[in-house]
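The values are calculated or read from the model by the stated rules, or taken from the named source; none is laboratory data. Being a predicted model, the structure only gives us computed values, none of them experimental. Positions of Cβ are backbone-derived with ideal geometry, glycine not excepted, and every protein chain shown enters the neighbour counts.
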């Protein structure tokens, strides 16, 4: 019985976050992040962890992704991911750009906070999908993926002034 109630509560939270994102924040997000809607193709096998997705496309392939949801005047960033095989300039701090845009959105929409998932709390950190390249063992590939995830999540949160609270790094507007 408790499990059913928990599942129903999760579905309500998911739906509420999705509705809020679409109804209230889509115009503000499009103005701040300047994104357009693009339908993924059947070749795009990018796993998405949340209902609201902002993607940067390059040569008809998804290159960078930020996924999250709105709930109770709070923006939760659950995924920051780049695609393998897509060249992104090294000096482009794309995770900083995405999360800073979320902070601007939170200020503009008078949201209470922005929460960024901590890398060590994500299932993809504990159980990464490993593609081993030539001359690299599976352990080395896992270590490389985890290092990138720590940079994408925890280092981004530190640089933007987030405070670590449990499973999330939390930022509140002034």
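Within the range 127-145, restricting attention to residues that are touching a helix residue (DSSP H, G or I) at 6+ places or on another chain (Cβ under 6 Å) and within 18 Å of residue 79 (Cα to Cα), which residue is surrounded by the fewest Cβ atoms within 10 Å (Cβ to Cβ)? The selected residue is 130.
State which residue pairs qualify: first residue in contact (Cβ under 8 Å) with a residue 12 or more places away in the chain and inside the range 160-174, second residue surrounded by fewer than 16 Cβ atoms within 10 Å (Cβ to Cβ) and part of a strand (DSSP E or B) in any location, beta carbons under 6 Å apart, and separation of 6 or more residues or different chains. Matching pairs, first to second residue: 170/163. Can you tell me which residues in the range 82-106 are farther than 16 Å from residue 67 by Cα and surrounded by 12 or more Cβ atoms within 10 Å (Cβ to Cβ)? Hits for the range 82-106 are 86, 88, 93, 104.
Please indicate, with yes or no, whether at least one residue in the range 147-164 is in a strand (DSSP E or B) and either at pLDDT 95 or above or touching a strand residue (DSSP E or B) at 6+ places or on another chain (Cβ under 9 Å) (or both). Within the range 147-164, one or more residues are in a strand (DSSP E or B) and either at pLDDT 95 or above or touching a strand residue (DSSP E or B) at 6+ places or on another chain (Cβ under 9 Å) (or both).
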